[in-house]
Amino acid sequence: MTPPYESPLPKIDPVVTEIVRNGVIAVTEEMKTNLMRTAYNMIIYEALDFTTGLFTPEGQTVSIGIGLPTFIRGMAETVKAKLRHFGRDGIEPGDILITNDAYTTGSHLFHITLTLPIFHKRVLVGFSCCMAHWIDIGGTIGGITTDIYSEGLQVPYLKLYKAGTINKDLVDIIRMNVRIPTRAMGDLRAQVTAVKTGERRFLELIERYGREPVLASIAAIMDHSEVKARERTRTIPEGTYEAESYMDDDGIDIGKPVPIKVKVIVKDDTMTIDLTDVSHQVRGFFNSGATTGLGCTQVAYKCITSPRDYPINDGSFRSLTSIVPPGRIVSAVRPAPMRQWMTFPMTIIDTVFKALTPAIPDRVIAGHHADLMSANIHGVDPKKREFFIGGFGPLGGGWGAKRTEDGVSATVCLNDGDTHNAPCEQVETKIPVVVESHALIPDSGGAGRNRGGLGVERTVRVLAPVVCNSRIDRMHCKPWGLEGGRDATGNEIAFQRNGVWKSDFPNAKISYVEMKPGDVYRIGSGGGGGYGPPWERAVAKVQEDVRQGYVSAAKAAELYGVAVDPETFVVDETETEQLRVRMRASADA
């Protein structure tokens, strides 16, 4: 019997299909653009902490804007949940549905999700959706929460608009429960603009090419994505692959590692990723919902099988089976806290790559810094005389090396994909801080035949009384190397108060630090793990690393076996040969 994915496609016009393929991508990108242009908070218009998407009438992903990878399931499952809640007969043209339910989106309450059902001549043809991060949703502002109720306002599945009329009572409830209502209302209107843009542009596609041809083209695009993913999966040797890692702790049980263990089963053109043995949900707010667990498996699978297949759609995942039992750190159940939902999933995805190293060493990547590296501050701005909540967005750090190339430096972590860090100058105009340094960290990348990317250090002086909170992990679980590559440095944080620096914290989750004007905090992201034995790195590359300041002369000799003069950058070839002979002998012993 012919497998379903190889069955003949309905007769479609290939030209129209390619127009639709690029058209739905253009729609979701225009949704992004309009949201950025109209949002009030930097976390949306500058950091791009949001995602937009188009979905089928059943809630299958047609296209999502290039943004946060693990949102790949959050929006789709939210669309499906709203559809189940209201039913097809319970939605009509002009409706806009809203929720921030953490156990549906899989993330935290800051993620307000709007969904607009798209009708063409009274027939439901799809959904336009936008999930965006609000800077505040009420709840506890400092410390580590231990249940969802302390994390802010929970908005169930409701209609923000019903048949084109806004629900003013709901808007008033939201306005009263946030600390900076003018910005919240501005972001809400911006999200409405985004989903209406998706509706308008998708209907224009249908009007131009016809409803049936467009919907048939979308089905064909999904089928094609499935075929390509299965073809790529077949190139992976069959077998069962496992790997382990851990997170530092949950912020409450300090020093107690949170274990992560994954299993990957490859058979023919299918893959199963089993997260049964990751840690059970924890007391601290590092949990996420089951849709994020599914997102972990799908992000890893797409990176390996079809990273450049666009638009991102559900066809790519038909050959993937995800096992995510309830009650784990990526499938937490109520009332588990979820405020830092994004931290643990990145390491789970890295661990999947680690598991597959024996099977496809040329397609995986060493460990990366895997954290947003954000320290948030709040207080009252003395010039504006108003309360503020601020930060810089993701700092970026080192990514792991691959078999064929070095890791990249100063790049945002995996969870946040296309998000940006905010320009220092812009943050300085918004909140009372001065950035004193923002630089790469020498020797932070893991040594290897291919070197891991470098981490980044940012030093910030506060100009007003503020409270600082950091939620940083992977201080102790350093980004690992592969195939003989060395581990990178871990993430870190330090404070200078009253002129005295302190950095000897048991972890990098530092809550409710009261800072006076003139006090300083410094965060430093880890590097990326190295790939392959360091003494196999080309001498000329090590020499250039020293010249650029990426690697110190001392570490060049110690880790790579290359003797470089720190002043002239001239290589001592004789000493280098002796160092490398000793390194190879030590490795063979």
Tell me the label-point distance for the pair residue 169, residue 270, using the 7 Å Cα-to-Cβ offset, in nm and rounded to one decimal. 4.9
Tell me, 378, 369 in order of fewest to most beta-carbon neighbours within 10 Å? 378, 369
Cut-off under 5 Å, modelled amide H: who pairs with residue 328 long-range: 281
Tell me, in nm to one decimal, what length is gained between residue 567 and residue 89 on full extension, where the rule is 0.36 nm per residue of separation less the Cα-Cα distance? 164.5 nm
Helix 181-209 sits off the longest principal axis of the Cα atoms of the chain, rounded to the nearest 10 on a 0 to 90 degree scale, by 70
J(HN,Hα) series, the range 408-422, from Karplus relation 6.51 cos²θ - 1.76 cosθ + 1.60, nearest Hz, glycine and proline x: 8, 9, 6, 10, 4, 5, 4, 4, 9, x, 8, 6, 10, 7, 6
What's the tally of Lys pairs in the range 4-224 whose alpha-carbon atoms lie under 27 angstrom apart, where the two lysines are 8 or more places apart or on different chains? 25
In degrees from 0 to 90, rounded to the nearest 10, what is the angle of the helix 211-234 Cα long axis to the longest principal axis of the chain? 30
Helix 71-86 against the longest principal axis of the chain: what's the angle in degrees, Cα atoms only, rounded to the nearest 10? 30
Which three numbers, in whole Å and largest first, are the semi-axes of the equivalent ellipsoid of the chain derived from its Cα gyration tensor as √(5λ)? 40, 32, 21
List the aspartates and glutamates whose Cα sits under 16 Å from the Cα of residue 516, skipping any in the same chain fewer than 8 residues away. 381
Loop-only trypsin sites (Lys or Arg not before Pro) in the range 90-165, please: DSSP not H, G, I, E or B, and at most 12 other Cβ atoms within 10 Å. 121, 122
Using a 10 Å cut-off around each Cβ, can you sort 303, 296 from fewest to most neighbouring Cβ atoms? 303, 296
I'd like to compare 512-519, 164-171, 178-185, 278-285: which one has the highest average count of other Cβ atoms within 10 Å, and what's the full order after that? 278-285, 178-185, 512-519, 164-171
With runs of 4+ DSSP H residues as the only contributors, calculate the mean residue ellipticity of the chain at 222 nm using -39,500 (n - 2.57) per run, divided by the residue total and rounded to the nearest 500. -9500 deg cm²/dmol
Once residue 581 and residue 512 are pulled to full extension, the length gained, defined as 0.36 nm per residue separation minus their Cα-Cα distance, is 19.7 nm
Students often forget the sequence filter, so: which lysines lie under 28 Å Cα-Cα from residue 402 once same-chain residues fewer than 8 apart are removed? 228, 261, 263, 267, 302, 354, 478, 541, 555
Given the peptides 361-367, 69-75, arrange them by the average over their residues of other C-beta atoms within 10 Å, most packed first. 69-75, 361-367
With a point put 7 Å past each Cα toward its Cβ, work out how far residue 425 is from residue 589 in nm, to one decimal. 5.5
Can you tally the net charge around residue 68? Count Lys and Arg as +1, Asp and Glu as -1, for every other residue whose Cβ sits under 10 Å from the Cβ of residue 68. -3
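Each value in this text was obtained by applying a stated rule to the coordinates, not by laboratory testing. No experiment lies behind these values; they were computed from the predicted model shown. Note: ideal-geometry Cβ built from the backbone for every residue, glycine included; neighbour counts use all protein chains shown.
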